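These notes concern the structure reproduced below.
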Amino acid sequence: MNLNQQSALVLFSGGQDSATCLAWALEKFSCVETVGFDYRQRHAIELQCRGTVREAILAAFPEWAAALGEDHLVDLSVLGLLSETALTRNVEIQITANNLPSTFVPGRNLLFMTAAACIAYRRGIKHIVGGMCETDFSGYPDCRDDTIKSLQATLNLGMDTRFVLHTPLMWIDKAQTWDLAASIGGKPLVDLIIEHTHTCYLGDRSHRHVWGWGCGACPACEIRAKGFDRFTTADLGLRRDL
């Protein structure tokens, strides 16, 4: 199958990581589409943030307007029905018996990438971009580099094509993710991510912090807050002028 070498599909949740990946893709490819997933997540507010972030990017960076293409929203409610996790049920966030946090949704990224590949196949898109990271993360096995490499091989075999799966955040921590956004879009992009993206597992957008909106106590908020603090700490040599 012929795939457009300059096209990309970004797994876009509306969060910090996926917004950074979207900006990364818009700098790199001439045609970029986005895909989000409704799996009946507890923090479904992120689905509303997706459109807001896309609109804010177009307003702040009109030079990306020609590259930003269609948005796709996929109903994966079956994932919510199959899983018993703190992201799909109103239960406490804690470490489970297998040493994984109860926020781990088994198979989530595997399904996300597979669904994205189905869309990419139909749309003739070669590059698929995800925000998976195994540096600053909660230990999810489907965020590991080995998982993504194996999945790329499986998808290409199963669809007889040559997708390329990109994970630009895989080997950087959260502070470096903030720094990557700054290197791509400067203060406007950092401010956009702070104000419009959503990371909080509890879906809290009633508390505003220097790093953005959220409860401030869940694992996602803690990782984001600590990364922002390190990003803005002068002795780390990061972009402290922002």
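The values are calculated or read from the model by the stated rules, or taken from the named source; none is laboratory data. Since we're looking at a predicted model, the values are computed, not measured. A quick note on method: Cβ atoms are made from the backbone with ideal geometry, for glycine too, and the neighbour counts reach across all protein chains shown.
What the table below lists for this structure:
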read-out: Members of region 114-165 that are touching an Asp or Glu at 6+ places or on another chain (Cβ under 9 Å), assigned to a helix (DSSP H, G or I) and either closer than 22 Å to Gly69 by Cβ or among the aromatic types (Phe, Trp, Tyr) (or both); value: Ile119, Ala120, Arg123
read-out: Residue in region 135-143 that is among the hydrophobic types (A, V, I, L, M, F, W, C), under 17 Å from Leu3 (Cα atoms) and touching a helix residue (DSSP H, G or I) at 6+ places or on another chain (Cβ under 9 Å) present; value: no
read-out: Selection count, region 57-113, where residues are surrounded by 15 or more Cβ atoms within 10 Å (Cβ to Cβ), basic (Lys, Arg) and either part of a loop (DSSP other than H, G, I, E, B) or at pLDDT below 75 (or both); value: 0
read-out: Any hit, region 20-32, residues being assigned to a strand (DSSP E or B) and either out of contact with any Phe, Trp or Tyr (no Cβ under 8 Å at 6 or more places or on another chain) or of a type outside the set (S, T, N, Q) (or both); value: yes
read-out: Hits in region 33-56 - residues which are surrounded by fewer than 21 Cβ atoms within 10 Å (Cβ to Cβ) and part of a helix (DSSP H, G or I); value: Ile45, Leu47, Gln48, Gly51, Thr52, Arg54, Glu55, Ala56
read-out: Checking Met170 against (1) farther than 26 Å from Ser30 by Cβ; (2) part of a loop (DSSP other than H, G, I, E, B), the condition it does not meet; value: (1)
